[in-house]
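Contents: one structure, followed by commentary.
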Amino acid sequence: MLGALAWLAVQPEPALAKDPRVVKTLERRPWYEIEKRFYESRRYYFGSGLVGTCDLSVLASGPVTLEVKDPQGRVTSRDRREIPGSQYLQADFTTYPGDGLLDQGLTVPRNAPRGPYEISVFAQPGAKPDEPFVVEAFMKGYSVLLVEGLRIADLPRDPWVVEIRNLPPDIPTHLPTFHPVGKKLVLRLGANDFENRYGGEALPTVRLERGPVGMTFRPTERPDGGVIEWTPTVADVGPHELAVAAEDADGAVTRKQTELRVVLPEAERFEGYSRDGVVFLRWAPVLGAVAYNGHAQERVKVLAENLRATEFVDTGGKIGDTYLYSVYAVDRTGQTGMMTGFLRITVEGEREEDRP
């Protein structure tokens, strides 16, 4: 999911039934995921079309109208347009052909002043006390359900208060949790900043904060922010801390970390054959291995543990059956390394029922 949800400020904690200003559902749902739910309701239809170009957009379904007041006290409503670049929309936001109901929408453009915004809802003339209404806000691409399940008779007197803040950047790069000895790790590190997604300024800067000895970081041009490189040796077998960070132009920082475990690579030249009801397996030595474990996928138990040799004879197979064999190297800490590819072998031999 994209970025931390740091911009929401709501009224104190009582339950929704006691205070309808309290946000009922807080969801970290980015705008393109809203678009995937395009056909669910008029709320999502509205959001997918406008949220990409707005810092704040509000939708009301039901016999109500909207009003938004910005941190400077300017108001936009159906009858006023004081917030620069704001819009008030009235349309049927359901998918084609629509349900014939008129919905209310209000948008505040990108790069709007940061701070608290008051969202108020008023009953339309002729609205009946038992008629329901729904209000939802989209803040910089995230959907927040302000209230649902209320009637016109329950219309709150006080506004909802939401705060537009700078969103910290997002680090979409997946940090690996294991890597084999001897293989070069190349990790392209990038970051996104929602405020700069649409023709904005520079991308966030990224950096390597912690990593094993010998790991390097090299800044690069777009779309990557930098490249991490490292080739672990046998001496590096075991866990290592890996931490990266991204910082936007306003100084907001996002950090991401994981435990990177270095394991032994898979055994090479893994081969085998069967004769007289017996399966013979062998493989090349793995640098740093102190033992090997042998497996057969169709057998519930490990065939052999802590083998000190690079070969094994399986006498437990059934003639005519086929097994998928694999081998794991074991390091000095007792951890198994990468699995070899499966070796499919059919147990060859003369069955007792076939003997004269």
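The values are calculated or read from the model by the stated rules, or taken from the named source; none is laboratory data. A quick note: this is a predicted structure, and the numbers were derived from the prediction, not measured. Here the Cβ is made from the backbone with ideal geometry for all residues, glycine too, and neighbour counts use every protein chain on show. Quick note on the areas: whole protein, heavy atoms, side chains included, nothing else; ligands and nucleic acids left out. Shrake-Rupley method; radii C 1.70, N 1.55, O 1.52, S 1.80 Å.
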Seminar exercise, completed: Note on the stretch 157-166: residues out of contact with any Leu (no Cβ under 8 Å at 6 or more places or on another chain) and open to solvent by less than 10 Å² (accessible area, probe 1.4 Å) are none
Exercise. Among the residues of the stretch 172-190 satisfying the criterion of being of a type outside the set (Val, Ile, Thr) and assigned to a strand (DSSP E or B), which is most open to solvent (accessible area, probe 1.4 Å)?
Worked result: Arg188
Exercise. Residue check: is Gly190 farther than 30 Å from Leu106 by Cα and either within 24 Å of the chain's Cα centre (by Cα) or at pLDDT below 85 (or both)?
Worked result: yes
For this session: Looking at (1) open to solvent by less than 60 Å² (accessible area, probe 1.4 Å); (2) in contact with a Gly (Cβ under 6 Å, 6 or more places away or on another chain); (3) modelled with pLDDT under 95, find the lone condition where Pro169 falls short.
Result: (2)
Exercise. Right, Pro232: open to solvent by less than 30 Å² (accessible area, probe 1.4 Å) and either assigned to a loop (DSSP other than H, G, I, E, B) or aromatic (Phe, Trp, Tyr) (or both) or not?
Worked result: yes
For this session: With the checklist (1) surrounded by 14 or more Cβ atoms within 10 Å (Cβ to Cβ); (2) within 35 Å of the chain's Cα centre (by Cα) in hand, flag the one item Glu259 doesn't pass.
Result: (1)
Seminar exercise, completed: Of (1) in a strand (DSSP E or B); (2) touching a residue at least 60 places away in the same chain (Cβ under 8 Å); (3) closer than 30 Å to Leu203 by Cβ, Asp250 fails just (1)
Problem set entry | Residue match in the stretch 94-110 (condition: among the basic types (Lys, Arg), out of contact with any helix residue (DSSP H, G or I) (no Cβ under 7 Å at 6 or more places or on another chain) and either open to solvent by 20 Å² or more (accessible area, probe 1.4 Å) or at pLDDT 90 or above (or both)) | no
For this session: Return yes or no: is Val302 surrounded by 17 or more Cβ atoms within 10 Å (Cβ to Cβ) and of a type in the set (Val, Ile, Thr)?
Result: no
Exercise. List, please: which pairs have Cβ atoms under 9 Å, are six or more places apart or on different chains, and start with a residue in the stretch 290-301 that is closer than 13 Å to Phe270 by Cα and touching a residue at least 24 places away in the same chain (Cβ under 8 Å) and end with one that is in a loop (DSSP other than H, G, I, E, B) and among the small types (Gly, Ala, Ser)?
Worked result: Tyr292/Ala267; Tyr292/Ala309
Exercise. Going by the structure shown, is Gly85 assigned to a loop (DSSP other than H, G, I, E, B), farther than 19 Å from Asp154 by Cα and at pLDDT 85 or above?
Worked result: yes
For this session: Kindly establish whether Glu271 is touching a residue at least 40 places away in the same chain (Cβ under 8 Å), acidic (Asp, Glu) and farther than 18 Å from Val237 by Cβ.
Result: yes
